[in-house]
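Following: one structure in C-alpha cells, then a few remarks.
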Amino acid sequence: EGLAHSLKELKIATIMGTRTWGGVIVTADSVELVDGTSIGLPTEGFYLKGAALGLENFGVSPHIVVEDPPFLVTTPKRKGGVKPSMREGASLTGYGPPRGPSQDPQLSAAIGEAMSQLVAKTNKKNERRENEKVEIDDFASLETAAIGSSRQQHEK
C-alpha cells in the first residue's frame, strides 16, 4: 500500500495492475475470547500524504488497470488429474506466477508501457536536440552575417 501510493504520489512510476487490497492497519496483538475465538487488536496505522481518507479498506488505484484473471494461474496435476498437495512432496515449481510475458497480461502490459514511455522520452530528447541544432545554426548564420557586415563597414 505504502510503496504503491508513494510512487504514485511522487509521480516517479506508472502503477499498473489492479487496485491494492487496502491493508495499512497492523493487528499484531490478539486477545482470546471466552468462546475460544480471538480478535486482533490494531497496534499501528499509517498516515500517507495525499491519501485524504486513508488507504485502509480502499487501497491504491493503478494508473493503468490490467486484470490478472485467476484462471491464468495454472497448477500442475499428477496422474489422474488430481492436484498434488504439499504434504505429498510437491514442489512450488510450476505453481502460479512467475509466468512469461506471453502468459502474463500484467507483465506483458508493463513491458509494452515501459517501451512506449522509452520511445516517447527518446523522441522528446531527439526533438529537443533538433531544436537546439536549429538555434545553433541560426546563431552561426547570424554570426557569419555580423562578421560580413563588420568587414563591409571596415572596408568603407
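The values are calculated or read from the model by the stated rules, or taken from the named source; none is laboratory data. Note that the structure is predicted; figures quoted are calculated from it, not measured. Virtual Cβ from ideal backbone geometry, glycine too; neighbours counted across all protein chains shown. When the accessible area is computed, the model is the full protein with side chains, heavy atoms only, and any ligands, DNA or RNA have been set aside. Shrake-Rupley method; radii C 1.70, N 1.55, O 1.52, S 1.80 Å.
So which of G96, G59 is modelled with pLDDT under 70, on the phi > 0 side of the Ramachandran plot and open to solvent by less than 100 Å² (accessible area, probe 1.4 Å)?
G96
When only residues in the stretch 27-56 that are in a loop (DSSP other than H, G, I, E, B) and in contact with a Gly (Cβ under 7 Å, 6 or more places away or on another chain) count, which is most open to solvent (accessible area, probe 1.4 Å)?
First pass over the stretch 27-56, keeping only residues in a loop (DSSP other than H, G, I, E, B): 27-28, 33-37, 42-43, 45-56.
Cutting the leftovers down to in contact with a Gly (Cβ under 7 Å, 6 or more places away or on another chain) gives us 27, 46, 48, 55-56.
Working: T27: 83, F46: 124, L48: 36, L55: 14, E56: 65 Å².
Selected residue: F46.
Taking only the stretch 12-42 into account, find how many residues are hydroxyl-bearing (S, T, Y) and farther than 27 Å from G112 by Cβ.
Here is the first cut: in the stretch 12-42, the residues hydroxyl-bearing (S, T, Y) are 14, 18, 20, 27, 30, 37-38.
Then drop every residue that is not farther than 27 Å from G112 by Cβ, which leaves 27, 30, 37-38.
Number of matching residues: 4.
Among the residues of the stretch 123-141, is any more than 23 Å from the chain's Cα centre (by Cα), open to solvent by less than 80 Å² (accessible area, probe 1.4 Å), modelled with pLDDT of 60 or more and within 30 Å of I64 (Cβ to Cβ)?
Yes, because at least one residue in the stretch 123-141 is more than 23 Å from the chain's Cα centre (by Cα), open to solvent by less than 80 Å² (accessible area, probe 1.4 Å), modelled with pLDDT of 60 or more and within 30 Å of I64 (Cβ to Cβ).
Just name the residue that is nearest to S116 (Cα to Cα) out of those in the stretch 2-11 that are surrounded by 11 or more Cβ atoms within 10 Å (Cβ to Cβ) and free of Cβ contacts under 8 Å to residues at least 12 places away in the same chain. So that I can check it myself, show each step before the final result.
Start the filter on the stretch 2-11 by keeping residues that are surrounded by 11 or more Cβ atoms within 10 Å (Cβ to Cβ), which leaves 2-9.
In the following step, the residues that additionally are free of Cβ contacts under 8 Å to residues at least 12 places away in the same chain were identified as 3, 7.
On the way: L3: 23, L7: 19 Å.
Here the answer is L7.
Checking the condition in contact (Cβ under 8 Å) with a residue 60 or more places away in the chain, open to solvent by less than 60 Å² (accessible area, probe 1.4 Å) and within 27 Å of A110 (Cα to Cα), which residue from T14, T20 passes? Show your work before the answer.
On the way: T20 fails: in contact (Cβ under 8 Å) with a residue 60 or more places away in the chain.
Selected residue: T14, the only one of T14, T20 that is in contact (Cβ under 8 Å) with a residue 60 or more places away in the chain, open to solvent by less than 60 Å² (accessible area, probe 1.4 Å) and within 27 Å of A110 (Cα to Cα).
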